[in-house]
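Just below is one structure, and these are the notes that go with it.
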Amino acid sequence: MHGHSTFEPKNGFVKWLEARLPILSFSHESFVAYPTPKNLNYWWTFGAILSFMLVAQIITGVVLAMHYTPESTMAFDSVEKIMRDVNWGWMLRYAHSNGASMFFFAVYIHMFRGIYYGSYKAPREVLWILGVIIFLLMMATGFMGYVLPWGQMSFWGATVITNLFSAIPFVGDQITVWLWGGYSVGNPTLNRFFSLHYLLPFVIAAVVGLHVWALHVVGQNNPDGVDIKDVKKDSVPFTPHATMKDSLGIAVFLLLYAWFIFFVPNYLGDADNYIPANPMKTPPHIVPEWYFLPFYAILRSIPNKLAGVVAMFAAIALLAFLPWLDTSKVRSGKYRPLFKIFFWIFAATAIGLGYLGAMPPEGGYVLAARLLSVSYFAFFLVILPVLGLVEKTKPVPATIADAVLAKH
Amino acid sequence: MASASTVEPTRRDFLFIATGAMAAVGAAAVVWPLINQMSPDASTLAMASTEVDIGSIPVGQIVTIKWRGKPVFISHRSPKEIEEAQNVDVATLRDPQPDSARVKKPEWLIVIGVCTHLGCIPLGHQGDYNGWFCPCHGSVYDTSGRIRKGPAPLNLAVPEYSFLTDTKVKIG
């Protein structure tokens, strides 16, 4: 796509560099002249918010690793040392642990936005699938990070999650022993989780690079789901328009992030994780971090080990197939009256599953979790394929400019 | 490359495939140590067995010892518990196993104290069958450590063990 301006170096050094590594003109095309649809709303600032969170997590993580000891007899104490002795250690750790929650909060909004406005539809399938891969990497990174403080919830969370692999027929037990590096979660497990927890964010950064690359090839989707036809009429240059809007989005998001760090830093954590890991005693109620709860609820709602594990992974894997499960020709939910209703039912289902994942697995909670699990899968496997065939959609504007002018 | 006009494999095709196959074998040989390093190391394997003095365990008590980083339950069963464990129609069980296949001496039940669902530690003398109850996801085991209710697929595992004397057991 042609941008709003071209990069024309005047400075001699810049010309010299351009002839050898055109990084400045590339940045200009990508982040200055790049045409962004005129009609983007604030839900579109979450991409920038997520980039910010990734950088924040990497920076706080790298400095925390300077004080942390990945050894099972010292890990817990080293985290307490960070909290009490290390200069600003408490703030860095709270920023990192709450940063994970903020990162997931933002990614869930980003994903729901993508679903509502049909951002996964052609030609953005690869862009969407790269996003699902980033989500999976985030889950692995978040899980392994939660194990590092080596508290009770760290240890037993690690035990439950690694035991998911023991459900694999025939080789499950060997795979779990291999993952642990022993016969249970122990020092070798902690050590490798630390290594991978340090590695994966950089893998995420690389896939984010691909994600942004794919985005810049196909262009951004927008609330009306119409592609840019005339760059001058339908779009505005990324800088200053998107840059400023994203900055405001990040600033507002930072208020929430800072509120968690400075006022309720342990609200999203679990008190049991301030008890050192004890392999001989399971806490009475094991709960994963909040961002895994909907999937945990699906796992527990099925009274068969293998089927439960398969359903949980399927719930995530299905996201990658969205571009083909949704049969509607109309991209944006804005012009799909029935889809809108089902979208909000789906959102309520996901939040409901999250609530049930935190409740004990008994009585009415189990029944409710089963109903909501059915609702979750029905959205992907029944509603979306059928809706595209039967739904009567509203007329879609011909261009973004038309959509914008119609409002004024 | 084979010329376009012939379909016969040439000597060059053979060399190409043979070289490629060797490269694949070489790559696999390099990757294997990188994968296998994650398996339990020599020091972990060296701690694979442990000896326990069971003489001091009174009837009706369950003692938990640590073996390979995991709890092992040693249950000194009462006659009532033994009877309950034996008087079960094996065919009705999820993981059918007679009590006799799970013990060497009926009064001593030795099982790994790890729930076969997702690895939590069940609580002794609890649950509907007075065996074990797992607080995580509600699996219920009987006095033979067999799964009776809940999501776990298998009975509590019986480790390899032997009686060295009447009061000494070697586990592993």
| Summing -39500 (n - 2.57) over the DSSP H runs of n ≥ 4 in chain B and dividing by its residue number, what mean residue ellipticity at 222 nm do you reach, to the nearest 500 deg cm²/dmol? | -7000 deg cm²/dmol
| task | On the full set of protein chains, 1.4 Å probe, figure out the accessible area of B:M22 and give it in Å² to the nearest 10. | result | 130
| query | Once you charge only the Cβ atoms, +1 for Lys and Arg and -1 for Asp and Glu, what is the size of the charge dipole of segment A:34-288 about its Cα centre, to the nearest 20 debye? | reply | 500
| remark: Dipole check, segment A:339-408, charges on Cβ (K,R +1; D,E -1), about Cα centroid: among A:A350, A:L372, A:A403 the Cα furthest to the positive pole belongs to A:A403
| field | Per principal axis, descending, Cα span of segment A:139-263 in whole Å | value | 64, 42, 23
| query | Going by average Cβ neighbours within 10 Å, how do the peptides A:386-394, A:239-247 rank, with the highest at the top? | reply | A:239-247, A:386-394
| Distance from the Cα centre of segment A:195-271 to that of segment B:108-126, in angstrom? | 46
| Please report, for the Cα atoms of chain A, the Rg to one decimal and the Dmax as a whole number; what are they, in angstrom? | 23.4, 75
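Can you pull the mean other chain C-beta count within 10 Å for peptide B:135-142?
Other-chain Cβ atoms within 10 Å of each residue's Cβ, averaged: 4.
Helix-only estimate, please: 222 nm mean residue ellipticity of chain A, summing -39500 (n - 2.57) across DSSP H runs of length 4 or more and dividing by its residues, to the nearest 500. Intermediate values should be presented prior to the final figure.
Numbers: 18 runs with 256 residues, N = 408.
Dividing the helical sum by the residues of chain A leaves -20500 deg cm²/dmol.
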| request: Would you mind checking A:K10/A:K229; A:K10/A:K38; A:K15/A:K245; B:K70/B:K105; A:K305/A:K329 for any pair whose Cα atoms are more than 28 angstrom apart? | output: A:K10/A:K229; A:K10/A:K38; A:K15/A:K245; A:K305/A:K329
| query | Which distance in Å, rounded to a whole number, links the C-alpha centroids of segment A:135-151 and segment A:20-80? | reply | 17
| Relative to the Cα centre, what is the charge dipole magnitude of segment A:282-408, using +1 at the beta carbon of each Lys and Arg, -1 at the beta carbon of each Asp and Glu, and rounding to the nearest 20 debye? | 400
| query | Where the centre of each part is set by its Cα atoms, how far does segment A:293-339 sit from segment B:20-69, in angstrom? | reply | 38
| note | For chain A, the charge dipole (Cβ of Lys, Arg +1; Cβ of Asp, Glu -1; about the Cα centre) points to a positive end, and the Cα of A:F202, A:S301, A:V132 closest to that extreme belongs to A:V132
| query | Between A:H67 and A:V390, 0.36 nm times their residue separation minus their Cα-Cα distance comes to what? | reply | 110.4 nm
| Largest first, what is the accessible-area ranking of A:K10, A:K329 with a 1.4 Å probe? | A:K329, A:K10
| Can you tell which of A:F260, A:T189, A:F105 lies farthest toward the positive end of the dipole of chain A, using +1 and -1 charges on the Cβ of basic and acidic side chains (Lys, Arg; Asp, Glu)? | A:F105
| request: Could you provide, to the nearest whole Å², the per residue accessible area of chain A with probe 1.4 Å? | output: 48
| query | Which value, in square angstrom to the nearest 100, describes the accessible area buried between chains B and A on both sides, using a 1.4 angstrom probe? | reply | 2200
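Can you compute the charge dipole magnitude of the protein assembly as shown about its Cα centre, using +1 on each Lys and Arg Cβ and -1 on each Asp and Glu Cβ, nothing else charged? Give it in debye, rounded to the nearest 20.
That gives the protein assembly as shown a dipole magnitude of about 1320 debye.
The values are calculated or read from the model by the stated rules, or taken from the named source; none is laboratory data. On a predicted model such as this, the values are computed, not experimentally measured, just so you know. Glycine gets a Cβ as well: all are built from the backbone with ideal geometry, and neighbour counts include every protein chain shown. These area figures cover heavy atoms from the full protein model, side chains too; ligands, DNA and RNA do not enter into them. Shrake-Rupley method; radii C 1.70, N 1.55, O 1.52, S 1.80 Å.
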